[in-house]
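Data first, discussion second: the structure below is written as structure tokens.
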Amino acid sequence: MASEDNPWSVPVMVLQIPETGLHLDIVASAEQREAISKLGDLRGVAEAVASFDLKPFADGRVHLTGRVRAKVTQTCVVTLDPVDNVIDEPVELTFLPPEQIRELADTVDDDGEPDPGDPPEAIERGIIDVGRVATDALYLGLDPYPRKPDAVFEPIVDRDDPDMNPFAALKALQQPVGSESPRKPKKG
């Protein structure tokens, strides 16, 4: 069910996934895109779609593969202007029943390290929320430093002002050799 922290909820009952697998195409509504935008601190989400294939296994595992595509508007880190970005994020996850997750936590290699790769996700109450998977993938695909193509950061420096020189503060601390420090009071 959609909530403030899960704006694009599309639950799939694991028991209803056919043995041959299930293909899903999902599209976020305008309301869901607005909530995704708000939660992700984006200027906007013009489009968000996902295509997933779910394959169940006899031991209770479900393998999910697919893609998430979105058109988002972020804020340029240089100019603070809007920047449109396209996201095309592949997704591949394995879901396990909670008891298998606990068993897996007990099986680490001799170094005490878990196997490399993405850890499996838990199937919660017999449900996989593919909308949450899509939202997470969308956020992972965001540019962490969005920048307009022509944006160049140039600090504002008044070159005519000698006090704006980065070494001006050091020069002020220099004293001629043999002179007293301005911090010590003169004996009198």
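The values are calculated or read from the model by the stated rules, or taken from the named source; none is laboratory data. Note that the structure is a prediction, hence the values are computed from the model and not measured. Here the Cβ is made from the backbone with ideal geometry for all residues, glycine too, and neighbour counts use every protein chain on show.
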* Asked: When you look at Arg33, is it within 27 Å of Gln100 (Cα to Cα) and either within 20 Å of the chain's Cα centre (by Cα) or in a strand (DSSP E or B) (or both), yes or no?
  -> no
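Conditions tested, residue by residue: (1) surrounded by fewer than 17 Cβ atoms within 10 Å (Cβ to Cβ); (2) modelled with pLDDT of 95 or more; (3) of a type in the set (S, T, N, Q); (4) under 28 Å from Ala35 (Cα atoms).
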| position | (1), (2), (3), (4) |
| --- | --- |
| Asp53 | yes, yes, no, yes |
| Ala58 | yes, no, no, no |
| Gly66 | no, yes, no, yes |
| Phe95 | no, yes, no, yes |
| Pro98 | yes, no, no, no |
Checked region 62-100 for anything farther than 16 Å from Asp143 by Cα, without any contact (Cβ under 8 Å) to a residue 60 or more places away in the chain and of a type in the set (A, V, I, L, M); matches are Val91, Leu93, Leu96
Exactly one of Val86, Val77, Val91 is in a strand (DSSP E or B) and under 30 Å from Asp150 (Cβ atoms), and that one is Val86
Filter region 1-23 for residues that are part of a strand (DSSP E or B) and touching a strand residue (DSSP E or B) at 6+ places or on another chain (Cβ under 9 Å); the one that is nearest to Asp136 (Cα to Cα) is Asn6
Among Asp59, Asp25, the single one that is touching a residue at least 12 places away in the same chain (Cβ under 8 Å), under 19 Å from Ala122 (Cβ atoms) and acidic (Asp, Glu) is Asp59
